Structure formats: C-alpha cells, structure tokens
1. DSSP beta bridges in the range 18-107, what fraction antiparallel, as a percent rounded to 5?
2. Which order do 45, 27 fall in if you start with the one that has the fewest other Cβ atoms within 10 Å?
3. Among 61, 86, 11, which comes first, second and so on when ranked by fewest other beta-carbon atoms within 10 Å?
4. Could you give the length gained on full extension between residue 63 and residue 28, defined as 0.36 nm per residue of separation minus the Cα-Cα distance, in nm?
5. Could you list 20, 92 so that the one with the fewest beta carbons within 10 Å of its beta carbon is first and the one with the most is last?
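Each reported figure results from applying straightforward, stated rules to the coordinates on display, with no laboratory input. The structure displayed is predicted, hence computed values, not measured ones. Note that we place each Cβ from the backbone using ideal geometry, even for glycine, and neighbour counts take in every protein chain shown.
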C-alpha cells in the first residue's frame, strides 16, 4: 500500500477552494481540472479558473473539464486584487459538502429539512 502524502486530515485538511489559471509553465489549467475531475474529492472542492483568456472556447472547455466558476483577470493589479477578494469572500461563506478522510463526499442520511416539505408521491 502506498504511503499517504497527508496521513492526517486534521493537520492537512482538504482545501476549501482551488484556484487555477489556464496558462502555467508546467501543466495548463485544463490538465489541473482534468486531474481534479478524476479524483473523488473534486465534487466537494470548487475549482475556479482565473485567466486572462476571454475566449468562449476556453471558457466552455474549462466548464466541461469541471470548473466551478470562470473569471477573466483584470489587466491591472488593482482590478485583479478586487476580483480575488470577491472570489475569496464568496467561496469562504459558501457551504460545501462534508467529506470523509479520503476526500469522498459523505452521502446524505435523509431528505434533509427541505425534503421534509415535499408532497408525498
């Protein structure tokens, strides 16, 4: 059995959000998204693309590869700073599903409070 890189999730919790660009020196953002899509925890961890590209094909491909959101970078530092602050504020208050120690989403044990109000079928 392979040694786990992060043996205790108490000390090394899963990230609450992942930011990636499309153009990076070693692997591109599409490869990052594809890798995350193959992982169990991808459904629990939002993957957000922040890129200079406003090309509709790049945007569509990013979503098809599993991006949770796509933002076009501002060309100036001040605009980029504002964008990153808004992304941080939004995703730090968003609710995310619970995961087990392997990062897999824990299933629901009931219909939840919203499900209690469904009419009987």
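1. If I count the DSSP bridges inside the range 18-107, around 10 percent turn out antiparallel.
2. On the way: 45 19, 27 11.
Least crowded to most crowded, the residues run 27, 45.
3. On the way: 61 17, 86 11, 11 7.
Ranking 61, 86, 11 by Cβ neighbours within 10 Å, fewest first, gives 11, 86, 61.
4. Working: separation 35, 0.36 × 35 = 12.60 nm, distance 1.45 nm.
Length gained between residue 63 and residue 28: 11.1 nm.
5. On the way: 20 20, 92 9.
The fewest-first ordering by Cβ neighbours comes to 92, 20.
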